[in-house]
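Asks: Let me begin by handing over the structure; questions about it come next.
The values are calculated or read from the model by the stated rules, or taken from the named source; none is laboratory data. Values in this document were obtained by computation on a predicted structure and should not be read as measured data. Note that we place each Cβ from the backbone using ideal geometry, even for glycine, and neighbour counts take in every protein chain shown. We work out accessible area using only protein heavy atoms, side chains counted, and drop any ligands, DNA or RNA first. Shrake-Rupley method; radii C 1.70, N 1.55, O 1.52, S 1.80 Å.
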Amino acid sequence: MPAVKETVKQVDDIGVDKYKFGWSTDLETETAPIGLTEETIRFISKKKNEPEWMLEWRLDAYQRFLSMKEPEWAKVNYPAINYNDMYFYSAPKDTDGPKSLEEVDPELLKTYDKLGIPLKEQEILSGVKSNIAVDAVFDSVSVVTTFKEKLSEEGIIFCSISEAIKDHPELVRKYLSSVIPKSDNYYSALNSAVFTDGSFVYIPPNTRCPMELSTYFRINAENTGQFERTLVIADKGSYVSYLEGCTAPQRDENQLHAAVVELVALENAEIKYSTVQNWYPGDENGVGGIYNFVTKRGDCRGKNSKISWTQVETGSAVTWKYPSCILRGDNSVGEFYSIAISNSYQQIDSGTKMVHLGKNTSSKIISKGISAGHSSNAYRGLVSSHRRAENARNFTQCDSLLIGNKCSAHTVPYIETKNSTSVFEHEATTSKISDDQIFYCGQRGINIEDAIALIVNGFCKEVLQELPMEFAVEAQKLVGISLEGSVG
Amino acid sequence: MWGKKSVMFNVSNLTVSVEDNEILKSFSLDVGPGEVHAIMGPNGSGKSTLAHVCAGKEDYTVLNGEINLNGEDLLDLEADERSTRGLFLAFQYPIEIPGVTTLTFLKSSLEAHYKANNREVLSTPDFMKLVKKKAAELNIDDSMIKRPLNVGFSGGEKKRNEILQMALLDPQICILDETDSGLDIDALRLVAEGVNNLRNEKRSFVVITHYQRLLDYIKPDFVHIMYNGKIIETGDSSLALELEKSGYNNYIK
Ligand SMILES: Nc1ncnc2c1ncn2[C@@H]1O[C@H](COP(=O)(O)OP(=O)(O)OP(=O)(O)O)[C@@H](O)[C@H]1O
Ligand SMILES: [Mg+2]
């Protein structure tokens with residue numbers, strides 16, 4: 001069999017038997033009444049002991065949601081979602097909020113241990129694990145946040161969004177939905193109505209966050225949607241690097257994940273936001289898997305601010321996701337680095353929006369799409385400049401790599417300039433891994449699986465380099481695993 | 001057997017077709033340890049096909065015959081397994097791999113060989129030292145090995161890069177497919193020296209070439225003329241000189 005044909009077959013065979021996070025945890029849980037009604041929303045808000053303003057905020061979002069339609073423009077296909085068959089809240093019993101590590105259910109700790117997520121501060125401090133503070137979100141609730149005290153010494157707030165609503169209402173009210181309005185889109189309205197937990201970060205002026213902050217999302221319960229809400233605020237002259245990871249058990253039904261992430265960077269502040277998205281992608285026939293419909297947007301609100309998105313997308317059955325930057329402040333900078341890998345019957349429609357509003361704003365987009373199996377992988381990107389945005393600059397590079405000939409790659413760039421001084425450059429390439437390349441590697445002793453990992457890692461090197469060290473190694477391995485599953 | 005010439009690598013009665021065209025027709029060749037065999041022959045006679053089939057390329061149908069290295073039949077093995085058993089092919093047209101630096105490629109290749117042969121993998125500094133030393137011998141500078149593999153390399157650079165890999169992998173049987181074509185005079189001498197440095201009583205070479213000039217530098221023990229899928233004449237190095245003078249017509253019946 002010619003090498004590439006064989007590769008395609010192997011890639012087919014791997015499917016998701018190799019999805020190593022496919023197990024689930026047995027826990028007693030508490031769930032909201034099934035379906036989406038005002039009652040569900042009241043239940044969630046009550047469960048979280050929310051102040052009245054928050055409940056009203058949610059109900060308002062729900063009203064808006066009811067009047068909206070599911071978007072159909074993305075290059076993805078999936079059966080209609082029945083919101084009345086789904087649970088909108090599920091939490092391990094007795095977990096009303098994050099606790100200290102000693103109080104957390106040992107089953108839960110084991111889960112995160114198995115996932116390789118460092119929650120034990122002791123180990124981290126003694127250098128056994130890397131220097132990361134973690135907020136662990138299990139289904140609908142945050143179960144623990146590490147290093148809170150240490151961070152608060154510097155005035156940094158890192159906690160679950162539920163806690164922030166109670167403890168820092170002034171910040172939450174000021175910034176929540178200030179980047180992504182409730183009715184921005186169908187899923188953001190849905191999220192605003194029913195969001196259950198997520199992380200909150202505030203970095204005070206002129207502070208460099210001394211460690212990586214990270215949220216680790218795990219969907220465990222069946223028939224349950226996960227709707228998390230993340231809000232990161234970098235005040236003037238501050239810096240933070242934030243990581244997000246996610247996995248889910250292997251189940252036959254599709255599960256919905258509709259998150260909203262908002263970033264705000266004030267004058268001279270910088271936010272670096274990295275994601276390794278590894279939700280369950282469904283099996284080799286396209287059964288099961290997560291629907292990942294996410295709205296992520298950063299607002300470079302102040303002068304000279306910078307927001308940089310880096311994403312490695314390997315999981316989910318259907319992905320609909322466009323981390324974007326609003327370049328409002330003069331001289332602000334937006335970046336988007338993306339690796340999107342689709343295999344089996346996965347569908348990805350992802351990209352970014354760079355909206356240039358301020359003067360001398362610049363943005364950079366590096367997108368690497370890798371398609372294998374029967375998958376479909378689309379890059380959709382918008383670069384626009386406002387009349388006021390003198391000297392806006394964008395450079396976009398979109399590369400697609402195909403493995404086999406049953407998959408597809410699409411590039412859909414939109415460019416809108418209302419300012420003649422804008423300079424927007426766009427480059428795109430499509431390539432294939434050839435039989436000759438595989439043979440050449442083989443002749444030098446490198447087997448098919450390693451050859452593909454080598455070539456693919458070379459293909460996405462520019463993006464991998466943008467990830468924080470601890471993540472880069474992990475991501476590089478993941479790239480290998482999602483394409484050939486040689487590592488268990 | 002004592003007194004009788006031993007065979008390390010041999011091809012016997014190899015018949016190979018591509019898309020129903022027979023390219024190799026009961027081809028046979030015996031190579032003893034330390035020997036250098038030159039194969040010459042007109043365009044299209046099947047030289048590269050022979051090299052590819054020995055190395056395990058997949059587009060060919062082997063209808064008959066065997067390929068043995070140290071008594072093991074290679075035909076059942078994958079290309080990477082043949083490589084780690086000690087077969088090296090210097091390509092007539094080396095392949096480009098964008099994004100993968102030459103250095104990264106060499107490291108993956110060497111590690112695959114070490115692992116397959118249960119040897120301890122070199123540390124990165126030791127690996128770097130080794131590569132730099134071998135590269136310097138072939139006049140390959142550091143900037144070249146930091147570039148993506150073969151991408152934008154000149155014809156001569158590609159060929160020298162093949163010899164660099166050969167020197168690193170320490171093979172038993174080296175098949176060189178027109179490594180001399182596209183080389184300038186200095187590069188030809190460097191490459192030939194590279195090959196000569198690797199010659200020893202155990203390592204053998206099959207050198208495919210159109211020009212006797214290379215054989216001035218790399219003295220072959222045997223010269224074969226290949227035509228229409230098989231060897232039609234075998235001699236010593238004087239055969240190559242004669243071919244250069246009078247062409248193939250005297251041998252093609
Ligand atoms: N994949 C293929 N499909 C069809 N024909 C092929 C294929 N590969 C080789 N051939 C044919 O087999 C014959 C031998 O080719 P080969 O490349 O082995 O010749 P060669 O002796 O190396 O020639 P040269 O001296 O030009 O390098 C040629 O006629 C060639 O067209
Ligand atoms: Mg040839």
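Asks: Scan around B:E233 for amide H atoms under 5 Å from its own, H built in the peptide plane at 1.01 Å from N, and keep only partners 5 or more places away or cross-chain.
Replies: Placed amide hydrogens put B:I225 under 5 Å from B:E233.
Asks: Leaving out ligands and nucleic acids, note down the accessible area per residue over the range B:203-253 with a 1.4 angstrom probe, in whole Å².
Replies: On the way: 2590 Å² over 51 residues.
I get 51 Å² per residue for the range B:203-253.
Asks: To the nearest 10 square angstrom, how much accessible area does B:H52 have with a 1.4 angstrom probe?
Replies: Ignoring ligands and nucleic acids, B:H52 comes out at about 40 Å².
Asks: Which one of B:L69, B:P220, B:A51 is farthest out on the positive end of the charge dipole of the range B:9-246, using unit charges on Cβ (Lys, Arg +1; Asp, Glu -1) and the Cα centre as origin?
Replies: The residue sitting farthest along the positive end of the dipole is B:P220.
Asks: Working from Cα positions, state the angle (0 to 90°, nearest 10) between the long axis of helix B:237-246 and the longest principal axis of chain B.
Replies: So the helix axis and the longest Cα principal axis differ by about 70 degrees.
Asks: Could you tell me which trypsin sites (Lys or Arg not before Pro) in the range B:1-58 are loop residues by DSSP with no more than 12 other beta carbons within 10 angstrom of their beta carbon?
Replies: Answer by residue number: B:K4, B:K5.
Asks: Between their Cα atoms, which of A:K46/A:K148; A:K236/A:K359; A:K75/A:K406 are more than 23 Å away from each other?
Replies: Long pairs (Cα-Cα over 23 Å): A:K46/A:K148.
Asks: Mean 1/r over all different Cα pairs, inverted: what Kirkwood radius does the range B:9-246 give, in Å?
Replies: Numbers: mean 1/r = 0.0545 Å⁻¹.
Kirkwood radius, the range B:9-246: 18.3 Å.
Asks: Rounded, prolate or oblate, given the Cα gyration tensor of the range A:29-88, with a/c below 1.5 counting as rounded? Don't skip to the answer; put the middle values down first.
Replies: Numbers: a/c = 2.86, a/b = 1.59, b/c = 1.80.
The shape class here is oblate.
Asks: Tell me the label-point distance for the pair B:V62, B:K202, using the 7 Å Cα-to-Cβ offset, in nm and rounded to one decimal.
Replies: Distance between label points: 2.5 nm.
Asks: Calculate the mean, over all residues of peptide A:425-435, of how many other protein chain Cβ atoms lie within 10 angstrom of the residue's Cβ.
Replies: Average neighbour count from other chains, rounded to a whole number: 1.
Asks: Sticking with this one: Name the most mobile residue of B:G34, B:G152, B:G229, meaning the one with the largest mean-square fluctuation, in a Gaussian network model of chain B with Cα contacts below 10 Å.
Replies: Looking only at B:G34, B:G152, B:G229, the largest GNM fluctuation is found for B:G152.
Asks: Evaluate the distance, in nm, between pseudo-label points positioned 7 Å from the Cα of B:D73 and of A:N405 along their respective Cα→Cβ axes.
Replies: Those two pseudo-labels are separated by 3.3 nm.
Asks: Which whole-number percent gives the relative contact order of the range B:9-246, counting Cα pairs below 8 Å spaced six or more residues apart? Before the final figure, lay out each step's value.
Replies: Values: 411 pairs, mean separation 71.0, N = 238.
Relative CO of the range B:9-246 lands at 30 percent.
Asks: While we're looking at this one, here's another question. Name the residue from B:Q165, B:G235, B:P125 whose Cα lies farthest towards the positive end of the charge dipole of the range B:9-246, charges +1 on Cβ of Lys and Arg and -1 on Cβ of Asp and Glu.
Replies: Towards the positive end, the residue furthest out is B:P125.
Asks: Still on this structure: To the nearest 10 square angstrom, how much accessible area does A:V179 have with a 1.4 angstrom probe?
Replies: 10
Asks: Between the helical axis of B:124-137 and the dominant principal axis of chain B, each derived from Cα atoms, what acute angle in degrees is found, rounded to the nearest 10?
Replies: Once rounded, the angle reads 50 degrees.
Asks: Once R0 is set to 25 Å, what does the formula 1/(1 + (r/R0)^6) return for the Cβ-Cβ distance between A:K418 and A:K364, expressed as a FRET efficiency to the nearest 0.05? Don't skip to the end; give the middle numbers.
Replies: Values: r = 21 Å, r/R0 = 0.83.
Efficiency at R0 = 25 Å is approximately 0.75.
Asks: Turning to a different aspect of this structure: Could you work out the mean count of beta carbons from other protein chains within 10 Å of each residue's beta carbon in B:77-84?
Replies: Values: counts 0, 5, 13, 12, 3, 3, 7, 4.
So the per-residue partner count for this stretch is 6.
Asks: If you don't mind, another one. How big is the dipole moment of the range B:9-246 about its Cα centre under a simple scheme where the beta carbon of each Lys and Arg is +1, that of each Asp and Glu is -1, and everything else is neutral? Debye, nearest 20, please.
Replies: Result for the range B:9-246 is approximately 740 debye, rounded to the nearest 20.
Asks: Separation of the range A:61-86 and the range A:146-209 by C-alpha centroid, Å?
Replies: 25
Asks: A follow-up question, please. With a 1.4 Å probe and every protein chain left in place, tell me how much accessible area B:I252 has, in Å² to the nearest 10.
Replies: My reading of the accessible area for B:I252 is about 50 Å².
Asks: Skipping prolines and chain starts, which residues have an amide H placed within reach, meaning under 5 Å, of the one on B:L63, given they are 5 or more residues away or on another chain?
Replies: B:T15, B:V16, B:S17
Asks: Once a ≥ b ≥ c are taken as the square roots of the eigenvalues of the Cα gyration tensor of the range B:1-114, is the result rounded (a/c under 1.5), prolate (a/b larger than b/c) or oblate (a/b not larger than b/c)? Display every interim value, and only then the final one.
Replies: Details: a/c = 1.81, a/b = 1.23, b/c = 1.48.
Taking the square roots of the gyration eigenvalues as a ≥ b ≥ c, the range B:1-114 is oblate.
Asks: For the protein assembly as shown, with all protein chains present and a 1.4 Å probe, just round the carbon and sulfur fraction of the accessible area to a whole percent. Walk me through the intermediate numbers first.
Replies: Numbers: 13800 of 29530 Å².
It is 47 percent, rounded to a whole number.
Asks: Only bridges with both residues in the protein assembly as shown count here: give the DSSP antiparallel percent, nearest 5.
Replies: The antiparallel proportion sits near 20 percent.
Asks: Which entries of A:K364/A:K461; B:K25/B:K245; B:K134/B:K158; A:K110/A:K272; A:K182/A:K296 have Cα-Cα distances beyond 19 Å here?
Replies: On the way: A:K364/A:K461 16 Å; B:K25/B:K245 28 Å; B:K134/B:K158 15 Å; A:K110/A:K272 29 Å; A:K182/A:K296 13 Å.
Violating the 19 Å Cα-Cα cut-off are B:K25/B:K245; A:K110/A:K272.
Asks: Restricting to DSSP H runs of at least four residues, report the calculated mean residue ellipticity at 222 nm for chain B, -39500 (n - 2.57) per run over all residues, nearest 500 deg cm²/dmol.
Replies: Numbers: 9 runs with 94 residues, N = 253.
Estimated from H runs of four or more residues: -11000 deg cm²/dmol.
Asks: Please report, in debye to the nearest 20, how large the charge dipole of the protein assembly as shown is about its Cα centre when each Lys and Arg carries +1 at its beta carbon and each Asp and Glu carries -1 there.
Replies: Working: 79 positive and 103 negative charges, 381 e Å.
So the magnitude is around 1820 debye.
Asks: Mind giving me the FRET efficiency for A:D85 and A:D167? R0 is 41 Å, r the Cβ-Cβ distance, nearest 0.05 is fine.
Replies: Working: r = 35 Å, r/R0 = 0.86.
With R0 = 41 Å, the Cβ-Cβ based efficiency is 0.70.
Asks: List the GluC sites (Glu not before Pro) in the range B:159-253 that DSSP assigns to loop (not H, G, I, E or B) and whose Cβ has at most 13 other Cβ atoms within 10 Å. Which are they?
Replies: On the way: sites: B:E162, B:E178, B:E193, B:E201, B:E233, B:E242, B:E244; in loops: B:E178, B:E201.
For GluC sites (Glu not before Pro) across the range B:159-253 that sit outside H, G, I, E and B with at most 13 neighbouring Cβ atoms in 10 Å, the list reads B:E201.
Asks: Within 10 Å of each Cβ in B:98-104, how many Cβ atoms from other chains are there, averaged over the peptide?
Replies: Counting other chains' Cβ atoms within 10 Å and averaging over B:98-104 gives 5.
Asks: Still on this structure, please answer the following. Considering only DSSP beta bridges whose two residues both sit in the range B:9-246, what percent are antiparallel, to the nearest 5? Provide the component values of the computation, followed by the final result.
Replies: Values: 23 of 40 bridges.
About 60 percent, rounded to the nearest 5.
Asks: Is the C-alpha gyration tensor of the protein assembly as shown telling us rounded, prolate or oblate? Criteria: a/c under 1.5 is rounded; beyond that, a/b larger than b/c is prolate, otherwise oblate. It would help to have the intermediate numbers written out before the result.
Replies: Working: a/c = 2.55, a/b = 2.29, b/c = 1.11.
Judged from the Cα gyration tensor, the protein assembly as shown comes out prolate (a/c at least 1.5, a/b above b/c).
Asks: If one computes the Cα centroid of the range A:314-378 and of the range B:37-113, what distance in Å separates the two points?
Replies: 40
Asks: Give me the percent relative contact order of the range A:334-486, please, defined on Cα pairs under 8 angstrom at least 6 residues apart.
Replies: This gives 21 percent for the range A:334-486.
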